[in-house]
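Coordinate-derived values only; no laboratory data. Model, not experiment: these values are computed from the prediction. Reconstructed Cβ throughout: ideal geometry from the backbone, glycine too, with neighbour counts over all protein chains shown.
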Amino acid sequence: MDFRKLLLVDDEEGVRRFLGLSLMDLGYEVKTASNGREALAVFEEFQPNIVFTDIKMPVMDGIELLRIIKEKSPDTEVVMITGHGDLDLAIESLKFDASDFITKPINNDVLEVSLERARERFTMKCALREHTENLERLVEEKTSRIVELERQNAACQVVNGLSSALESASREVETGSGLFNELPCLVSIHNRYLEIVAHNTLFEERLGNHVGDNSFDIYSDRTSPGNACPVQRTFQTGKGQRSRETFLGKDGEEIPVTVYTAPIPNKDGEIELVLDISVDMSEVTRLKDELFATRYKYQRLFDEAPCYITVQDADLAIVEANRLFKRDFGEVEGHFCFEAYKHRSEPCEGCLVDKTLLDGEARQRETVVTTLSGERKHMLVQSAPLHDASGRVIQAMELSTDITEIRRLQDHLTSLGIMLGSMSHGVKGMLTSLDGGIYRLESGLKKGDAERVDAATKTLKAMIGRVKKMVLDILYYAKSRELETEAVDAAAFLRETAAVGAAKAASAGVEFVEDVPEGLGEIKADTAALSAALVNFLENGVDACEGRGADGGGRLSLSARREGDNLVVTIADNGMGMDRETREKIFTLFFSSKGKRGTGIGLFISNQTIEQHGGAIAVDSAPHKGTTFTITLPRGPAR
């Protein structure tokens with residue numbers, strides 16, 4: 001190693017020149033720098049063994065340079081050059097492992113002594129490091145040798161232990177006692193002449209007494225020594241064998257087994273006996289068949305369950321779905337639940353499965369879904385955790401039960417309650433009017449005022465008629481009854497209905513377009529109910545265009561056409577529109593996209609009215625692209 005590379009750092013050019021010459025005269029290869037920062041650049045390239053540096057320098061002083069050099073190269077020796085006033089700093093530098101310090105002006109004798117001391121320290125460090133590395137290498141080599149010897153010793157102990165165990169097993173089988181007679185396996189001992197010298201009790205119960213027989217006699221497909229059995233192969237190879245074989249039972253039946261053989265050496269290491277342990281696979285086969293039957297049964301239960309069932313992983317991807325789910329939503333394995341089930345691009349807010357996967361708790365909620373065929377269903381959704389063998393939740397099962405009919409009955413009862421509540425106020429007003437009419441009638445009779453009596457009678461008849469109509473309306477909601485239909489001109493009926501929508505559109509500043517041609521023929525309808533339903537769609541269209549006004553381009557249209565025996569009415573607006581999830585829920589009772597301004601009743605009743613007329617409604621809408629309701633009505637209502 002070259003110990004004569006030296007870096008001299010001083011901000012005085014004269015010191016660098018004259019001290020540098022002195023150092024070169026002493027046989028050193030010298031590089032110089034005028035400050036600490038320049039010195040670091042030279043140090044990286046030059047890699048000196050010794051650094052002489054002044055303490056007080058611009059840009060970076062000697063103390064900071066010493067600290068950085070020691071971090072980069074702890075073996076490099078650094079000698080500090082100082083003036084008489086810098087002795088405190090020079091002593092401070094010793095804390096950062098400076099080799100020495102010398103004062104200006106520099107005496108050549110002092111310089112040589114300092115250099116010699118630095119060289120000795122550097123040489124000592126290198127020697128110490130080399131000795132340390134050699135010692136570590138020697139320790140590693142000796143340790144590896146010790147480990148290898150320990151492994152060999154352990155292997156010998158295992159072999160000796162195994163031989164002893166096999167000899168003990170052989171004696172137990174021969175004497176008919178011990179562990180091998182309690183094992184649920186067919187155990188036998190064979191000698192080098194391929195003869196069975198002993199077997200356990202279970203062997204004799206299943207195959208009969210074969211002591212003294214040939215080893216191959218117990219096999220159904222081994223008839224001579226030329227057709228080597230596992231015992232013969234063990235003697236030939238010196239290694240244990242494992243194979244699937246078939247034994248002949250006591251009554252000639254075939255017994256499928258898995259045979260394991262192990263050689264038993266004598267003290268000289270030669271194979272003297274072979275231990276044969278055979279497992280009856282009949283029970284395993286029976287258990288496999290039973291497991292298959294159980295799996296098939298549970299798979300049938302899974303597929304035939306009258307509800308939607310999915311198994312989802314931690315990413316909410318569907319791992320498995322039952323037959324009913326696939327029928328209504330397609331092949332969904334590998335797809336996210338919220339995509340396949342709710343037609344969303346991101347997880348549902350408050351997702352049950354997500355929460356169940358987090359805390360392992362079962363949950364339930366209600367929701368509305370739409371199948372591939374467009375059928376809307378009310379579902380009661382329940383989630384349950386699925387655990388692995390360690391009890392960790394790895395998947396979740398989601399079960400969805402169709403409660404559409406239950407909700408339909410509840411909705412009917414709810415709407416009936418709402419109607420009765422609103423009608424109670426009307427009944428109260430009519431009773432007040434009846435009281436007034438009776439008072440006027442009694443007053444007229446007392447006074448003999450025929451005109452007052454006539455007026456009171458008319459008022460009472462009118463109030464009684466209103467009460468009668470209200471009672472009929474209550475009966476209409478309380479139980480099913482046929483519509484009060486009549487044959488009407490479709491074009492005239494639709495124009496009268498459109499006039500109502502046009503008036504509301506005009507008041508909201510929304511352009512209204514009517515396209516109802518002549519020649520649409522007649523339609524059988526309950527005009528009051530059907531008109532109210534269509535007006536509800538028109539009013540919703542006006543609300544959807546709210547804020548756009550005439551200047552904003554709000555537009556609502558009603559058009560009609562004949563398609564075969566059907567009348568098709570289209571109501572379209574260019575308002576706010578709806579996403580798919582909202583479209584699928586708009587005909588649900590109390591669902592409203594208008595916030596506090598909507599009751600969620602109007603479209604529910606309108607949908608019921610169209611269905612009672614035997615019609616259907618198709619909805620086409622997208623956010624900010626408007627909505628189109630296409631209503632298809634037959635010539636007459638469904639009975």
remark   = With L558 itself left out, Lys, Arg at +1 and Asp, Glu at -1 over residues whose Cβ is under 13 Å from its Cβ give -2
request  = Per residue of region 117-123, in order, report the coupling 6.51 cos²θ - 1.76 cosθ + 1.60 (Karplus, θ = phi - 60°) as ³J(HN,Hα) in whole Hz, putting x for Gly and Pro.
outcome  = 5, 5, 5, 5, 4, 5, 4
remark   = Per the 1/(1 + (r/R0)^6) rule, R0 = 51 Å and r from the Cβ atoms of D75 and S390, FRET efficiency to 0.05 is 0.45
inquiry  = Along the Cα→Cβ direction, 7 angstrom out, place labels at E148 and T246. What is the inter-label distance in nm?
reply    = 5.2 nm
inquiry  = Could you work out how much longer the chain between D25 and N134 gets when fully extended? Use 0.36 nm per residue separation minus the Cα distance between them, nm to one decimal.
reply    = 35.6 nm
ask   = What does a probe at N181 reach in region 276-292, counting residues whose amide N is under 20 Å from the point 7 Å along Cα→Cβ?
value = 276-278
remark   = Descending packing, highest mean Cβ count within 10 Å first, for 400-407, 190-197 is 190-197, 400-407
Those residues of region 337-357 whose amide nitrogen sits under 18 Å from the label point placed on A622, 7 Å along Cα→Cβ = 343-346
query = If you take the square roots of the eigenvalues of the alpha-carbon gyration tensor of region 504-545 and sort them as a ≥ b ≥ c, do you get rounded (a/c under 1.5), prolate (a/b over b/c) or oblate?
reply = oblate
query = Taking the radius of gyration and the Kirkwood hydrodynamic radius from Cα positions alone, what is the Rg/Rh ratio for region 5-128, to two decimal places?
reply = 0.92
request  = Express in nm, to one decimal, how much length is gained between D221 and R192 on full extension, taking 0.36 nm for each residue of separation and deducting their alpha carbon distance.
outcome  = 8.3 nm
key: Relative packing of peptides 606-614, 361-369, 135-143 - highest average C-beta neighbours within 10 Å first   = 606-614, 361-369, 135-143
ask   = Taking Cα pairs under 8 Å and at least six residues apart, what relative contact order does region 305-402 come out at, in percent?
value = 29 percent
query = Amide H neighbours of M60 under 5 Å, counting only residues 5+ apart in sequence or on other chains, H built in-plane at 1.01 Å?
reply = G36, R37
ask   = Separation between the V319 and A506 pseudo-spin-labels, each 7 Å from Cα along Cα→Cβ, expressed in nm?
value = 6.5 nm
ask   = Please identify the GluC sites (Glu not before Pro) of region 520-583 that satisfy two criteria: DSSP loop assignment and at most 16 other Cβ atoms within 10 Å. Which are they?
value = E546
query = Using unit Cβ charges (K, R positive; D, E negative) and no other charged atoms, how large, in debye to the nearest 20, is the dipole of region 250-310 about its Cα centre?
reply = 460 debye
task = Post the alpha-carbon centroid distance, region 270-327 to region 566-580, in whole angstrom.
result = 51 Å
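Let's test the formula: R0 of 51 Å, r as the Cβ-Cβ distance of D449 and A528. What FRET efficiency results, to the nearest 0.05?
Result of the calculation: an efficiency of 0.85.
Classify region 176-285 as rounded, prolate or oblate, taking a ≥ b ≥ c as the square roots of the eigenvalues of its Cα gyration tensor: rounded when a/c is under 1.5, otherwise prolate if a/b is larger than b/c and oblate if not.
Taking the square roots of the gyration eigenvalues as a ≥ b ≥ c, region 176-285 is prolate.
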